[in-house]
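First up is the structure itself, then whatever we jot down about it.
The values are calculated or read from the model by the stated rules, or taken from the named source; none is laboratory data. Because the structure is predicted, anything quoted here is derived from the model rather than measured. Cβ: placed from backbone, ideal geometry, glycine included. Neighbour counts: every protein chain shown.
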Amino acid sequence: MAIDYTNIDEVINDLQLMIDDSSYDKAAHIYQLRLLALQGLRELTFDVEQSIKTAEVVVNSTSLQVTLPADYVSLKRIGFKGSDGLFHPLGLSDNLSLDSTVLSQGGGGGSVADEPYYQTNLGKKFGVGGGNNRNGYYRINRNDNTINLSSNLSGKGLFIEYLSDGVTSTPAMEHVVRFSINVNAKEDKFGIKGGVSINIPKNSGGFVSFTFKNSLETPIEELISDPLNTDVYVNLSTSSISDIADALSTVINEGHPSYHVAPYDENMKASQIGADVTVIISNISASVDSLMSTSLKTNVDKSNYHAATSQEELQIGVVGDEPRIHKFCEEALRSYVYYKYIQRKRGIPANEKMMAKKSYFNEKRMAVARMMNFSKEEALQTGRKGFKQSPKS
């Protein structure tokens, strides 16, 4: 695992270890050090690190809004990823209404009957027409902490990149998936039979396979040992789709209580309506496997017996994080805490305060230089990307 970041608590612990009886900050309390460390982290994030975060959001169909993240400071760009794999940005429009619930009146984008010059041969009204961003438009609403969007983006998923304050903790977001269970083998030769598994993502990465066992062929009562907490025993010959889905949901939530077998994971909960099973994976600690990955495509592999007819991700799980500082800025943060602590303290020599100030700004300058890793090759590529050179032999 990469170690390019240091948790803020580790920095505070290091500061306390460096304090001795001769230090000017020997009377500093841990809560004071933490407060100054968070203030320094915010300043270094803005000036040096420029911590850019990403988030996937869905536009509310009624309000045409998305809520800004808790650690949002400034928007870098907003748009969506196209089928070409490229980012397609939205356009900024200061004319977009900040309240989509207000009823529209005549004129200003209403019926063409309200625009007397629109259909004449003498031209159009001044300012009407021109180029448009076909992807849609957005406008920041700071009062409501939202982004307002044009009506053509209703219900669509967007991708935003924003400058984070670097201090606010990001809570983990649950991963929510839904499976439509397949018909049983008696009704469809490509249905569920004994030994067929359904793969479900885990909160720690990877996936777990729940395997359907035909209780008609192997009754659970006749097992020599206790069933596994990933075994789903159900009569696949006569049970309805709803019964099969309910059996899967029950095993995920309860395991096999009659045999004192606990559920596979307490962070995994399921609910069932008809043939649909919705699974919520909480306390995300690693990147959750996508349902579109190779390992999970077997759930809907129609070339053979399969467990689900369809599957979808209702919400993408996100790993939470605590305040942290980049390794390049770590020494600058220590210098900031010491400088700010003694800055307004009486009894400390002015020379010491001046040295602490110079030390901080020098470390900050070095952090800026380290973070700017623009290489010669990148400069050449940037200068040449506007044209193609003739091939060289």
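Only one residue in Lys345, Lys357, Lys364, Lys327 is within 21 Å of Asp47 (Cα to Cα) and exposed (fewer than 15 other Cβ atoms within 10 Å of the Cβ), so which one is that?
Working: Lys345 fails: within 21 Å of Asp47 (Cα to Cα); Lys357 fails: exposed (fewer than 15 other Cβ atoms within 10 Å of the Cβ); Lys364 fails: exposed (fewer than 15 other Cβ atoms within 10 Å of the Cβ).
Going through Lys345, Lys357, Lys364, Lys327 in turn, the sole match is Lys327.
Results for (1) under 21 Å from Met371 (Cα atoms); (2) hydrophobic (A, V, I, L, M, F, W, C); (3) surrounded by 15 or more Cβ atoms within 10 Å (Cβ to Cβ), shown as yes or no for each residue.
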{"residue": "Val11", "(1), (2), (3)": "yes, yes, yes"}
{"residue": "Asp25", "(1), (2), (3)": "no, no, yes"}
{"residue": "Arg42", "(1), (2), (3)": "yes, no, yes"}
{"residue": "Ala55", "(1), (2), (3)": "no, yes, yes"}
{"residue": "Gln65", "(1), (2), (3)": "no, no, yes"}
{"residue": "Asp71", "(1), (2), (3)": "no, no, yes"}
{"residue": "Ser74", "(1), (2), (3)": "yes, no, no"}
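When residues of segment 125-150 are filtered for being in a loop (DSSP other than H, G, I, E, B), hydrophobic (A, V, I, L, M, F, W, C) and at pLDDT 70 or above, how many remain?
Taking segment 125-150 as the starting set, the residues that turn out to be in a loop (DSSP other than H, G, I, E, B) are 125-136, 142-145, 150.
The next check asks that each one be hydrophobic (A, V, I, L, M, F, W, C); those that pass are 126, 128.
Narrowing the set further to residues that are at pLDDT 70 or above leaves none.
Within segment 125-150, residues that are in a loop (DSSP other than H, G, I, E, B), hydrophobic (A, V, I, L, M, F, W, C) and at pLDDT 70 or above number 0.
Please determine whether any residue of segment 252-261 is in a strand (DSSP E or B) and over 29 Å from Val58 (Cα atoms). Lay out the reasoning, then the answer.
Taking segment 252-261 first, the residues in a strand (DSSP E or B) are 256, 261.
From what's left, over 29 Å from Val58 (Cα atoms): 256, 261.
The answer is yes, given that some residue of segment 252-261 is in a strand (DSSP E or B) and over 29 Å from Val58 (Cα atoms).
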Which condition does Ser83 not pass, out of (1) over 28 Å from Gly166 (Cβ atoms); (2) in contact with a strand residue (DSSP E or B) (Cβ under 6 Å, 6 or more places away or on another chain), if it passes all the others?
-> (2)
Output yes when any residue across segment 274-290 is touching a residue at least 40 places away in the same chain (Cβ under 8 Å), closer than 19 Å to Ile181 by Cβ, among the small types (Gly, Ala, Ser) and not assigned by TED's automatic domain parsing to the domain that holds Glu363, and no when none is.
-> yes
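For segment 256-308, which positions are among the acidic types (Asp, Glu) and either surrounded by fewer than 19 Cβ atoms within 10 Å (Cβ to Cβ) or more than 19 Å from the chain's Cα centre (by Cα) (or both)? I'd like the intermediate steps shown before the answer.
First pass over segment 256-308, keeping only residues among the acidic types (Asp, Glu): 265-266, 276, 289, 301.
Passing the criteria: Asp265, Glu266, Asp276, Asp301.
On the given criteria, is Lys388 among the basic types (Lys, Arg) and modelled with pLDDT of 95 or more?
Numbers: among the basic types (Lys, Arg): yes; modelled with pLDDT of 95 or more: no.
In short, no.
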Could you check how many residues of segment 175-192 are in a loop (DSSP other than H, G, I, E, B) and either modelled with pLDDT of 85 or more or in contact with a Gly (Cβ under 9 Å, 6 or more places away or on another chain) (or both)?
-> 3
Only one of these is of a type outside the set (A, V, I, L, M), surrounded by 14 or more Cβ atoms within 10 Å (Cβ to Cβ) and touching a Gly at 6+ places or on another chain (Cβ under 6 Å): Ser61, Ser51. Name it.
-> Ser51
Here are some residues: Val300, Val251. Which one is touching an Asp or Glu at 6+ places or on another chain (Cβ under 8 Å) and either assigned by TED's automatic domain parsing to the domain that holds Lys213 or under 30 Å from Ala55 (Cα atoms) (or both)?
-> Val251
